[in-house]
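Working notes for the structure below.
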Amino acid sequence: MMDHRIIARGLLSFVCASQGVATLAIDLNRTHATNPLWVKHARFHVVWQTISVFILSAIEVALVWWPGHWIEQRFYLAMILAGVPMLGFLAAFAFRKAYGGALSDPNGIPPLRVAIAGKILRVDLNLAAELVALIALGAIFAIYRL
């Protein structure tokens, strides 16, 4: 039988690695970093943020699996670091009206349209992914603490 802490470490590594790779895939393409309709300075910032999240993700995975002392402390540190970009996203989401931001761009990835009880609900996939990832971090924490 596999130890619950190994399972939690594997799941945390998956979340961390997914966060880094997904950010590269989503942001370094024609809808973001190379979008000719975006201001050059905005493109610079998205590339900076994307590379920073990718590097942070690699550090998080290393913290989880690096052999040696302080395994538990490194696990929790990796978990906190993984949550930082998610919380940053939620802060940007919460304050988007103050700075004129939007969750999607007309020439980017549109929100998912879901029909519920005859009503069309528009779901932003970024917001959904961030919320799922935060819930996953909570579940991973619970698994680790068993």
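The values are calculated or read from the model by the stated rules, or taken from the named source; none is laboratory data. Worth saying up front: this structure is predicted, and the values here are computed from it rather than measured. Cβ: placed from backbone, ideal geometry, glycine included. Neighbour counts: every protein chain shown. Note: areas computed on protein heavy atoms with side chains; ligands, DNA, RNA excluded. Shrake-Rupley method; radii C 1.70, N 1.55, O 1.52, S 1.80 Å.
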**Request:** Could you work out how far helix 125-145 tilts from the main Cα principal axis of the chain, as a 0 to 90 degree angle to the nearest 10?
**Result:** 10 degrees
**Request:** Could you rank Trp65, Trp38, Trp70 by how accessible they are, 1.4 Å probe, largest area first?
**Result:** Trp70, Trp65, Trp38
**Asked** Nearest 10 degrees, 0 to 90: what angle lies between the long axis of helix 71-94 and the longest principal axis of the chain (Cα atoms)?
**Response** 10 degrees
**Prompt:** Sorted by mean Cβ packing within 10 Å, highest first, what order do the peptides 77-83, 93-99, 103-109, 50-56 take?
**Reply:** 77-83, 50-56, 103-109, 93-99
**Prompt:** Of all the C-alpha pairs in segment 87-146, what % are more than 17 Å from each other?
**Reply:** 56 percent
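Got a number for carbon plus sulfur as a percent of the chain's accessible area, 1.4 Å probe?
Working: 7060 of 9590 Å².
About 74 percent, which is the carbon plus sulfur part of the accessible surface.
Any idea of the accessible area per residue across the chain, 1.4 Å probe, to the nearest Å²? Each step should come with its number before you reach the end.
On the way: 9590 Å² over 146 residues.
Value for the chain: 66 Å² per residue.
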**Asked** Quick one: putting +1 on the C-beta of Lys and Arg, -1 on the C-beta of Asp and Glu, what dipole do you get for segment 1-133 around its Cα centre, in Debye to the nearest 20?
**Response** 420 debye
**Asked** What do you get when you divide the Cα radius of gyration of segment 36-102 by 2.2 N^0.38 Å, with N the number of residues?
**Response** 1.45
**With 10 Å bins from 0: P(r) over segment 1-83, alpha-carbon pairs, percent** = 18, 39, 23, 14, 5, 0
**Prompt:** How far, in degrees from 0 to 90, does helix 40-65 lean away from the longest principal axis of the Cα atoms of the chain, to the nearest 10?
**Reply:** 20 degrees
**Prompt:** What distance in nm separates the simple spin-label points at Asp3 and Arg113, each placed 7 Å from Cα in the Cβ direction?
**Reply:** 5.2 nm
**Request:** Using +1 at the Cβ of each Lys and Arg and -1 at the Cβ of each Asp and Glu in the chain, identify which of Leu112, Ala17, Tyr76 lies farthest towards the dipole's positive end.
**Result:** Leu112
**Inter-label distance for Asp105 and Val84, nm, one decimal - labels placed 7 Å from Cα along Cα-to-Cβ** = 2.6 nm
**Asked** If amide H atoms are built 1.01 Å from N in the plane of the peptide, which residues on other chains or at least 5 residues away come under 5 Å of the amide H of Asn29?
**Response** Thr34
**Complete:** With only helices counted (DSSP H, runs n ≥ 4, each -39500 (n - 2.57)), the per-residue ellipticity at 222 nm for the chain, to the nearest 500, works out to -23500 deg cm²/dmol
**Request:** Consider the candidate values [x] 30; [y] 51; [z] 44; state which one is percent of Cα pairs over 23 Å apart computed from the structure displayed.
**Result:** [z]
